[in-house]
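Data first, discussion second: the structure below is written as C-alpha cells.
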Amino acid sequence: MKDFEAIHQAAEIIKKGGLVAFPTETVYGLGADAFNPIAVARVFEVKQRPHFDPLIVHVSDLADLKKLVIKIPSHAKKLIERFWPGPLTIVLAKRDEVPDIVTSGLPTVAVRMPRHPMTLSLIELAGSPIVGPSANPFGYLSPTTAEHVRDQLGDQIDFVLDGGPCEVGVESTIISFSESKPRLLRPGGVPLEEIESIIGRVEIAPIEEGRPSAPGMLPRHYAPRTPILLDWDEKSFDSFGDMKIGLLAFREPKKSKKKFHSIEVLSKKGDFREAAANLFAAIRRLDTFNLDLILAETVPEAGLGRAINDRLRRARGALHP
Ligand code: TXA
Ligand code: MG
C-alpha cells in the first residue's frame, strides 16, 4: 500500500471512532479522535492503562491547539515557535469541550505537534486532534517501530500506520504551564538546557514515589520483563554465580565482554542522539534472550542523557540510585 493510501485509510478509521497506531519522531502512538470519548475509552482499555493517567493530544496546526486550550501564555508561545513540530509537550488550561476522559478529569490538557509528515497529514485528514499515548501495554517499553506495535497490540487495534523507525527514540519532554512558573514534568526529546535558553529557568517537578507529578510517571514504567541493574561493578560478578547476564552499554565496552551472554551497544562513539534512538529497541532485544539480569550503564546527566537515565531508572523500577 502506498503511504498516501495508508494515511487515507487510517484517517477514515479515526473518523469512525477506530484506533490507529501512528508514527512520530519520538515513539509510536495509539491514536483516536480526541473529541470522541468512546474511542478514547477504547484506548485506555487496549493499553490497560489506569484512568487516572491522562493522554497527550496531538495537533497538526495552531487552529487545532485553539480547539483544546483557553489561552497560550507568552513563554508557551515561544516554545511552540521554536520546537513545534517536535518532541515537546505543553500542559495548558483546557477548554470545557475537551472530554474529561482525555485529561482524567484534570483542568489541564497536554498537547504536542509531532514531527512526522505522515502523522501530520493523518491528523489533518481526520479533521480532529488525536490522542496518542505510546502504543504499548501499560508499563512496558514504548514502541519505536511498527513491528513493535504489531507484536504487542496488533490484533486489538484497527490499523498500524508504518512510518519507519522513530528518529528520536525517547518520548517528548513535558513542560507544564498549569502554575505560574513553567515546570518540567518529564525529561525527553528536547533537552532542558535548550528550553531554558529560551524561557529561562524551569522548575523540575519533584518526583514523589506513588504520587508522580505527571500522573503517568510511576517509578516502574518503560520496563522489560528481565530485571535491570544500574549500580554494579566488576566485584558484583562474584555474587551473580552462573546467572545469564546481558549488558546494555552506552559505548563499546573495553573489557570483560565474555562475562555476558549478549551485549547491546547504544552508540559506539558515545553519541546521545544515537543512544536515545536505539534505547528501547536494544532493551527489547535483550528482553528476548531469557536472561536472568540486564546490567545497564547510565550516561552523563546532561542534554538527552537526562531522558535516557530517567527511562533506565524507570525500566529498573526505582527512581533513585
Ligand atoms: O513522545 C510522546 O509524548 C509520545 C508520542 C506518542 O507522542 N506519547 C507519550 O504518551 O509518551 P504517554 O501517554 O505514554 O505519556 C504521556 C504522559 C503521561 O505521563 C501523562 O501522565 C502525562 O503525559 N500527562 C498527560 N496529560 C497531562 C496533564 N494534563 N497534566 C500532567 N501530565 C499529563
Ligand atoms: Mg507511555
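What follows draws every value from the coordinates through simple rules; no lab data is involved. Model, not experiment: these values are computed from the prediction. No Cβ is skipped: glycine too gets one built from the backbone with ideal geometry, and neighbour counts run over all protein chains shown.
General observations
- Helical mean residue ellipticity (222 nm; -39500 (n - 2.57) per DSSP H run of 4+; nearest 500) of the chain: -9000 deg cm²/dmol
- Principal-axis tilt of helix 37-47 within the chain, Cα atoms, nearest 10 degrees: 10 degrees
- Summary of packing: across the peptides 192-198, 23-29, 290-296, the per-residue average of other C-beta atoms within 10 Å ranks them, highest first, as 23-29, 290-296, 192-198.
- Segment 17-144 - Rg (one decimal) and Dmax (whole number), Cα, Å: 13.4, 37
- Helix 3-15 and the longest principal axis of the C-alpha atoms of the chain enclose an angle of approximately 70°.
- M243 paired with R150, simple spin-label distance in nm, labels 7 Å along Cα-to-beta-carbon: 3.5 nm
- Within the chain, percent of DSSP bridges classed antiparallel, to nearest 5: 45 percent
- Nonlocal amide H pairs with E297, under 5 Å, H built at 1.01 Å: L248, F250
- Contour minus Cα-Cα distance for E301 and D100 (0.36 nm per residue): 68.8 nm
- Normalised by the number of residues in segment 3-204, the mean separation of alpha-carbon contacts (under 8 Å, six or more apart) gives a relative contact order of 31 percent.
- Mean shadow area of segment 228-318 over all directions, Cα convex hull, nm²: 5.7 nm²
- Counting neighbouring beta carbons within 10 Å and listing from fewest to most, the residues E147, E167 come out as E147, E167.
- The chain shape via C-alpha gyration tensor axes, a/c threshold 1.5: prolate
- Between 0 and 90 degrees, the angle of helix 117-126 with respect to the longest Cα principal axis of the chain falls at about 40 degrees.
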